[in-house]
Amino acid sequence: MEKSKYLEMYRQMVMIRRLEEEAAQLYQQGKIGGFLHLYIGQEAVSTGLIAARKPQDRVITAYRDHGVAINVGIPARQVMAELLGKATGMSKGKGGSMHMADVTKNFWGGHAVVGAHLPIAAGLALGDQYQGNDGVTLCMFGDGATNIGFFHEAVNLSKVWNLPVIWVCENNQYGMGTAVERASAVSEIRRKADGYNIPNEKVNGMDVMEVHQAAERVFEWVRSGNGPYFMEIITYRYRGHSMGDPERYRQQEEVRCWEKEDPIGIFRDYLMFKQSVAEAELAELERSVAAELKEAIEFAESSPEPPPQALFEHIYAD
Amino acid sequence: MARITMREAISQALWEEMERDERVFILGEEVGVWGGTYAVTKGFYDHFGEKRVRDTPIAESAIIGAAIGAALTGLRPVAEMMTINFAFTAFDHIVNEAAKLRYMFGGQFTLPMVIRAPGGGGRQLGATHSQTPDAVFAHFPGLKVVSPGTPEDAKGLLKASIRSDDPILFIEHATLYQVRGEVPEGDYVTPIGKSKVQRPGKHVTVVTYSKMLDVSFKAADLLAQEGIEVEIVDLRTLRPLDMEPVLESFKKTNRAVIVEEGWRSYGVGAEIAARIYEEAFDYADAPIKRVAQAEVPLPYNRTLEQMALPQVIDVVNAVKEVL
């Protein structure tokens, strides 16, 4: 892989983390409303996956979607503007944290009902198959989503119709505050794909290179007409399920243990010691992220509110 | 004009739209090899093939979800719910996804899709298979809800629905499939969101739609023998609701009866009556009457079921009460 691509992946991971740290502050200041689900700790998952996609590949995810928004190439200023509910956000301030999308970047949301986007992902893949496109749909969801009926209907249909879709379970150990083994009869979630005769594998989601290499292989496999594939990516969220989570369901020792596996730290070490990237170069990247974020927050805060007439816009196309 | 059944009218609309646009395809339970449980898509599988006439698992969320996704890619899916009662298992995808995605993403998404769903009671199918939950679905902004009462409107409205860029729930009535009516030759569309006076009269306005249009016509025939001229306004679309012809008629007759097959509470009749009172209160010469289904889960027993469903005599009596 080219050095520039490594550095871009690193930049995205740092951007996601810093953007969300800023978002948490803005939330506490009351500038961001509603729910705010942070991706901090899971950055390697969407970064590694999306770095392996081609422009014709569609991406769809759940409500923990800020990372994906950065990975598909949405500028930080637009993400911030949407978080602040401004007219300059991708969804014009009508979607908020949980409903980010940019169809020009083949990013189809940002869906807030657990598991409900899986049947839609099957439909996106059907659309490509029907029209003879060689696009693959990448559908990400949490471990909690694998217990709802939507998951089973969609995954079954994808195999029955041999759809070009990659199912990615981001197993961050908890569905809200309920540990996987307390909610799922099968705690090794990839085995659920066996029930639908879909090939599957488990990947370490704290190592972006491991995720990326697996994703490159899986994209090509699915693109070649082999039908759906299932990845269980083991990861961990350092913050609560959403802002204001009392975190009574886990010990802080557990969080600290996973923090030793920090995906940004692992990748930083990899770049310095395995790819001989100078620390100064990484530090410069980090500074440029901080500067871009500062500008993004200023942009979002100074952006206009949606005009009153926006209330009745975009209900129907006709 | 040709005289054909409702089933033939709907089938023709689907067939013609599939012939004229490659992007149109059908998916649902038993729509293909079986030919549709109500035989609406009989012959389609052999003619259009399995790519465009897609049998699905019995999994309504997957059907509607797949239709949404395919529509987002530019296709024009027509998803069939075997009956509207099964749409409840896809309720999230209909009202929480299809109805909201465009708005929620600031106009980025376009969902040109149709959900066909036969509903209604009267066939002794018991409580879970006989419902008329039209008002439930019409409650949600972002969804359009169409429900024709004649073969002519069924064909024209279905063609308009398939050509529309919005998600549309197209509610058919399972006991109307055999009903015949005049249908124009050739290609035509009937505009969505337009109510229509189906029978002119001057004494009482009857507002209705779908199967109850047929019931209201029979009542109007009986009343005509007594010199009572009923004007029937057919809503045809429940959302967006076109009140103009209703109000125009009411301002002329000053009396109204609303006839719906669904339950009275929070129903179509409640909505129409409220709007008439809001916008034409001064024209009322009598309290508005509602004819609706008895507030019970529909029983299997034929006599009990018919007791619960609105009958011609109920409409006749209601009209006489407002006179």
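Please report the projected area of segment A:50-96's Cα convex hull averaged over all directions, in nm².
Averaged projected hull area, Cα only: 3.3 nm².
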### Summary
Averaged over residues of A:151-159, the number of beta carbons from other chains lying within 10 Å of each residue's Cβ is 4
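Using Stokes-Einstein with the Kirkwood hydrodynamic radius over Cα pairs, what translational diffusion coefficient do you get for segment A:3-304 at 37 °C and a viscosity of 0.692 mPa s, in µm²/s rounded to a whole number?
For these conditions, the coefficient is 170 µm²/s.
How would you classify segment B:203-323 from its alpha-carbon gyration tensor, with a ≥ b ≥ c the square roots of the eigenvalues: rounded for a/c under 1.5, else prolate if a/b is greater than b/c, otherwise oblate? Walk me through the numbers before you get to the answer.
Numbers: a/c = 1.88, a/b = 1.32, b/c = 1.42.
Oblate is the answer for segment B:203-323, as a/c is 1.5 or above yet b/c matches or exceeds a/b.
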#### Entry: Dimensions (Å) - segment B:1-53, Cα atoms, principal axes, largest first
33, 25, 15
### Counting all C-alpha pairs of segment B:2-183, share separated by more than 22 Å (%)
40 percent
### Message
Within 10 Å of each candidate Cβ there may be at most 14 other Cβ atoms; applying that plus a DSSP loop requirement, which GluC sites (Glu not before Pro) in segment B:130-222 survive?
### Response
B:185
### 10 Å Cβ neighbours from other chains, averaged over peptide A:113-121
6
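Of the DSSP beta bridges with both residues in chain A, give the percent that are antiparallel, rounding to the nearest 5.
Values: 3 of 25 bridges.
Restricted to chain A, the bridges split so that about 10 percent are antiparallel.
May I ask you to sort B:296, B:114 by Cβ crowding, counting other Cβ atoms within 10 Å and putting the fewest first? Before the final figure, lay out each step's value.
Working: B:296 12, B:114 29.
If I rank by nearby Cβ atoms, fewest first, I get B:296, B:114.
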### Message
What do you get for the angle between helix B:151-163 and the principal long axis of chain B? Use alpha-carbon atoms, 0 to 90 degrees, nearest ten.
### Response
50 degrees
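Tally the DSSP beta bridges in segment B:2-183 and give the antiparallel ones as a percent, rounded to 5. Before the final figure, lay out each step's value.
Working: 4 of 24 bridges.
Here the share of antiparallel DSSP bridges comes out near 15 percent.
When every alpha-carbon pair in chain B is counted, what percent end up more than 25 Å apart?
Details: 25459 of 52003 pairs.
Summing the P(r) tail past 25 Å for chain B gives 49 percent.
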### Task
Go ahead and estimate [θ] at 222 nm for chain B from helices alone: -39,500 (n - 2.57) per DSSP H run with n ≥ 4, summed, over the residue count, rounded to 500.
-10000 deg cm²/dmol
### Inter-chain Cβ neighbour average for residues B:51-63, partner chain, 10 Å
5
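Of all DSSP beta bridges located in the protein assembly as shown, what percent are antiparallel, nearest 5?
Bridges in the protein assembly as shown are about 20 percent antiparallel.
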### Query
What is the diffusion coefficient of segment A:220-318 in µm²/s, taking the Kirkwood radius over Cα pairs and the Stokes-Einstein relation at 4 °C with a viscosity of 1.567 mPa s?
67 µm²/s
### Task
At q = 0.25 Å⁻¹, work out log10 I(q)/I(0) for segment A:231-270 with the Debye formula, treating every Cα as an identical point scatterer and leaving solvent out; two decimals please.
-0.94
### Summary
So, with points 7 Å from each Cα along the Cβ direction, the residue B:123-residue A:131 label distance in nm works out to 3.6 nm
### Message
Could you sort the peptides A:33-41, A:188-196, A:96-104 by per-residue average Cβ neighbour count (10 Å cutoff), highest mean leading?
### Response
A:96-104, A:33-41, A:188-196
### Task
Pull out a ≥ b ≥ c, the square roots of the eigenvalues of the alpha-carbon gyration tensor of the protein assembly as shown, then state rounded if a/c is under 1.5, prolate if not and a/b is larger than b/c, and oblate in the remaining case.
prolate
### Task
Rounded to the nearest 500, what is the 222 nm mean residue ellipticity of chain A from helices alone, with -39500 (n - 2.57) per DSSP H run of 4+ residues and division by all residues?
-13000 deg cm²/dmol
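Once you charge only the Cβ atoms, +1 for Lys and Arg and -1 for Asp and Glu, what is the size of the charge dipole of segment A:189-315 about its Cα centre, to the nearest 20 debye?
Numbers: 16 positive and 25 negative charges, 146 e Å.
Dipole about the Cα centre, nearest 20: 700 debye.
Order of B:35-44, A:2-11, B:58-67 by packing, highest average Cβ count within 10 Å first?
Working: B:35-44: 18.7, A:2-11: 15.3, B:58-67: 27.6.
Put in order of decreasing packing, that is B:58-67, B:35-44, A:2-11.
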### Query
Does segment A:25-119 come out rounded, prolate or oblate by the C-alpha gyration tensor, with a ≥ b ≥ c the root eigenvalues, rounded set by a/c under 1.5 and, if not, prolate when a/b is larger than b/c and oblate if not?
prolate
### Query
What helices does chain A hold that run 20 Å or longer along their axis, going by alpha-carbon atoms, with a Kyte-Doolittle average of -0.5 or more, using DSSP H for the helix calls?
A:117-131, A:279-302
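Would you mind working out the magnitude of the charge dipole of chain B relative to its Cα centre, with +1 at each Lys and Arg C-beta and -1 at each Asp and Glu C-beta, to the nearest 20 Debye? Kindly include the intermediate steps, with their values, before the conclusion.
Details: 35 positive and 44 negative charges, 8 e Å.
Using only the charged Cβ atoms, the result is roughly 40 debye.
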### Size of charge dipole - segment B:196-322 - debye, nearest 20, with Cβ of Lys, Arg +1 and Asp, Glu -1, no other charges
160 debye
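Using Cα pairs closer than 8 Å and at least 6 residues apart in sequence, work out the relative contact order for segment B:196-322, in percent. Can you show the working numbers first?
On the way: 228 pairs, mean separation 35.7, N = 127.
It rounds to 28 percent for segment B:196-322.
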### Task
Could you list the GluC sites (Glu not before Pro) in segment B:263-323 that lie in coil according to DSSP, counting only those with at most 16 other Cβ atoms within 10 Å of their Cβ?
B:295
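Mind listing which trypsin sites (Lys or Arg not before Pro) in segment B:99-145 are in a DSSP loop and have 14 or fewer other Cβ atoms within 10 Å? Can you show the working numbers first?
On the way: sites: B:100, B:102, B:116, B:123, B:144; in loops: B:100, B:123.
Filter output for segment B:99-145: B:123.
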#### Entry: Nearest 10 degrees, 0 to 90: helix B:211-224 Cα axis against chain B principal axis
30 degrees
## Note on the structure
Helix B:268-280: inclination vs chain B longest Cα principal axis, degrees, rounded to 10, gives 60 degrees
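The numbers here are math on the coordinates, done by the rules we state, and not lab data. From a predicted model like this one, the values you see are computed outputs, not experimental measurements. Glycine also receives a Cβ, built like all others from the backbone with ideal geometry; neighbour counts cover every protein chain displayed.
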